[in-house]
Each structure stands twice: as structure tokens, then as C-alpha cells.
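Notes to accompany the following structure.
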Amino acid sequence: MEIVKSLFLGVWLFSFGTIVYLYLALYRRLPRSTMVEPRVFAAATTHNALWWVGLAVCFALGFAILKALPLKPYVWVALAVTELFPAGLLAMFMLLAARNREVIERMGGR
């Protein structure tokens, strides 16, 4: 159970870290109502070696935090509830990317 808890804590840290990273790297400097292509997200995340290093660091931090601090059950409930925000953003992004792909295929694109 300790491994599952440390992985969950690592995923929680990583998901919020990714949101902050994307905001600082992409959205902070963009003017309002600017669209960002999905390939830009891929370049900033899955195609970026530092993003993968961040994943490993977050898992290590989750394990270290769990070893150093015995967390109460209400902390895990709070983490699960707040993890719904990044999960919702990911689901919305995937839905919009799928819809975008359908429109491009219908228009006879790439």
C-alpha cells in the first residue's frame, strides 16, 4: 500500500507541476484569445526530456514525503478531490483534440 500511496502522491505532484510548467512556458506570454496547436503541447511535454525527468523526480519526492511524514486519511481524500482538476483538464484537452482531428479529416486536410 505504501508504493501505491507514493505513486499517487507523485502523480499528484506531477500533474500540478505540469499545469504550472505549461502556464509558465506557454500561456504567460501569449495575448488573450490565442490558440495553441496540440503539437506545441507535445513538444513541451512528452517530447521534452526534462518533463520525463520531472516525472521521475515527482515519484521520488512522493516516496520521500511518504517516508518522512505519516499523512492522515483526510489528506488522501483532499489529494483525490484536487486531482480531479488536472484529470478534467486532460479529458477536456483529449476531447478537443479528437474533435479537431475529426474536423480536419472532414475538410480533407493533412
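Every number here is computed from the coordinates shown, using simple stated rules; none is lab data. Quick caveat, the model's predicted, so the values are computed rather than measured. Neighbour counts are summed over all protein chains in view; Cβ atoms, including those assigned to glycine, are modelled from backbone coordinates with ideal geometry.
If you take all C-alpha pairs in segment 22-74, what percent of them are over 14 Å apart? More than 14 Å apart: 68 percent of the Cα pairs in segment 22-74.
Taken about its Cα centre, the chain carries a charge dipole of roughly 260 debye when the Cβ of each Lys and Arg holds +1 and the Cβ of each Asp and Glu holds -1. Per-residue Karplus couplings for segment 87-103, computed as 6.51 cos²θ - 1.76 cosθ + 1.60 with θ equal to phi - 60°, are listed in order as 5, x, 5, 5, 4, 5, 4, 5, 5, 5, 5, 5, 5, 4, 4, 4, 5 Hz, Gly and Pro entered as x.
3J(HN,Hα) along segment 68-77, derived from phi through the Karplus expression 6.51 cos²θ - 1.76 cosθ + 1.60 where θ = phi - 60°, amounts to 7, 10, x, 7, 6, x, 5, 5, 5, 5 Hz, with x in place of Gly and Pro. Computed over segment 2-106, the alpha-carbon pair-distance distribution with 5 angstrom bins reads 2, 10, 17, 21, 18, 13, 9, 6, 3, 1, 0, each value a whole percent.
In this structure the amide hydrogen of Thr45, modeled in the peptide plane, comes within under 5 Å of no amide hydrogen from residues 5 or more places off or on another chain. Taking θ as phi - 60° and the Karplus parameters 6.51, -1.76 and 1.60, the scalar couplings of segment 42-59 work out to 5, 5, 7, 10, 5, 9, 10, 5, 5, 5, 5, 5, x, 4, 5, 5, 5, 5 Hz in sequence order, x denoting glycine and proline. Between Val36, Val75, Thr46, the Cα set farthest toward the positive side of the dipole of segment 2-106 (charges on each charged residue's Cβ, about the Cα centre) is that of Val36.
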